[in-house]
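Let me begin by handing over the structure; questions about it come next.
The values are calculated or read from the model by the stated rules, or taken from the named source; none is laboratory data. Because the structure is a prediction, the values reported are computed rather than measured. Backbone-built Cβ (ideal geometry, glycine too); neighbour counts: all protein chains shown. Protein only, heavy atoms only, side chains kept; ligands, DNA and RNA dropped before computing areas. Shrake-Rupley method; radii C 1.70, N 1.55, O 1.52, S 1.80 Å.
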Amino acid sequence: QVHLVESGGGLVQPGGSLRLSCAASPSGRQFKRYDIGWSRQVGGEREFIASISTRNMTIYSDSVKGRFTISRDNAKNTAYLQMNNLKPEDSAVYSCVSGEVDSGEFHPIGVWGQGTLVSVSS
């Protein structure tokens, strides 16, 4: 497994953008071997939103498709979630995790991190 730490959250107005980071810590040498997934959580409900495979194949939930973009930089042991045209309903704690994509679905292997808070409000 690889330990991942999220950052980049904050307060943004509706229609704004944020870029979240998911960095491997303390050693990222295993990072490139894993597919990476992002989820968001409001209360007790966790929603899968995006994943990227080791071959850069991506999957998105319908709720973020066309607005969010997942990417990865293996040289920096970091995955990113670019979020554009943010809406108040996007407010949540966003977390990342290592996993694997099988039959078109992302399956977490690691443990979801504590996440980074995104608040969308005017």
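Test Val97 against the stated conditions and say whether it is open to solvent by 60 Å² or more (accessible area, probe 1.4 Å) and either touching a Phe, Trp or Tyr at 6+ places or on another chain (Cβ under 8 Å) or over 19 Å from Gly10 (Cα atoms) (or both).
No.
Of all residues being open to solvent by less than 40 Å² (accessible area, probe 1.4 Å) and over 11 Å from the mean Cα position of the chain (by Cα) in segment 60-90, which is farthest from Arg19 (Cα to Cα)? Just the residue, please.
Going residue by residue through segment 60-90, those that are open to solvent by less than 40 Å² (accessible area, probe 1.4 Å) are 61, 64, 67-68, 70, 72, 78-81, 83, 86, 90.
Narrowing the set further to residues that are over 11 Å from the mean Cα position of the chain (by Cα) leaves 61, 64, 67, 86, 90.
On the way: Ser61: 18, Val64: 14, Arg67: 12, Leu86: 11, Asp90: 13 Å.
Within segment 60-90, the match that is farthest from Arg19 (Cα to Cα) is Ser61.
Take the residues in segment 103-122 that are among the β-branched types (Val, Ile, Thr) and within 21 Å of Gln30 (Cβ to Cβ); name whichever of them is modelled with the highest pLDDT. Let's see the steps before the verdict.
Of the residues in segment 103-122, the ones among the β-branched types (Val, Ile, Thr) are 109, 111, 116, 118, 120.
In the following step, the residues that additionally are within 21 Å of Gln30 (Cβ to Cβ) were identified as 109, 111.
On the way: Ile109: 92, Val111: 88.
Filtering first and then ranking leaves Ile109.
Also, I was wondering about something else. Return the residues of segment 28-45 that are closer than 16 Å to Glu105 by Cα and at pLDDT below 95; say none if nothing qualifies. Explain how you work it out, then say what you get.
So in segment 28-45, the residues closer than 16 Å to Glu105 by Cα come out as 34-39.
Across segment 28-45, the qualifying residue is only Tyr34.
Further question: Search segment 46-58 for residues that are at positive phi and pair each with any residue that is buried (at least 17 other Cβ atoms within 10 Å of the Cβ) and modelled with pLDDT of 95 or more when their beta-carbon atoms are under 8 Å apart and the residues are at least 6 apart or on different chains.
Asn56/Arg72
Gln41 versus (1) within 13 Å of the chain's Cα centre (by Cα); (2) free of Cβ contacts under 8 Å to residues at least 40 places away in the same chain: which is the lone unmet condition?
Against the list (1) within 13 Å of the chain's Cα centre (by Cα); (2) free of Cβ contacts under 8 Å to residues at least 40 places away in the same chain, Gln41 comes up short only on (2).
In segment 48-55, is there at least one residue being in contact with an Asp or Glu (Cβ under 9 Å, 6 or more places away or on another chain), of a type in the set (Phe, Trp, Tyr) and open to solvent by 60 Å² or more (accessible area, probe 1.4 Å)?
yes
Among the residues of segment 26-41, is there at least one that is on the phi > 0 side of the Ramachandran plot and surrounded by 14 or more Cβ atoms within 10 Å (Cβ to Cβ)?
Restricting attention to segment 26-41, the residues satisfying the condition of being on the phi > 0 side of the Ramachandran plot are none.
The answer is no; no qualifying residue exists.
Okay, next question. For Pro26, only one of the following conditions fails: (1) in contact with a His (Cβ under 8 Å, 6 or more places away or on another chain); (2) within 12 Å of Ser98 (Cα to Cα). What is its number?
(2)
Does Asp90 satisfy the criteria of being under 21 Å from Ser122 (Cα atoms) and among the acidic types (Asp, Glu)?
Working: under 21 Å from Ser122 (Cα atoms): yes; among the acidic types (Asp, Glu): yes.
Yes: the conditions hold for Asp90.
Of the conditions (1) within 14 Å of Phe106 (Cα to Cα); (2) modelled with pLDDT under 95; (3) not acidic (Asp, Glu), Thr54 satisfies every one except a single condition; which number is it?
Unmet for Thr54, out of (1) within 14 Å of Phe106 (Cα to Cα); (2) modelled with pLDDT under 95; (3) not acidic (Asp, Glu): (2).
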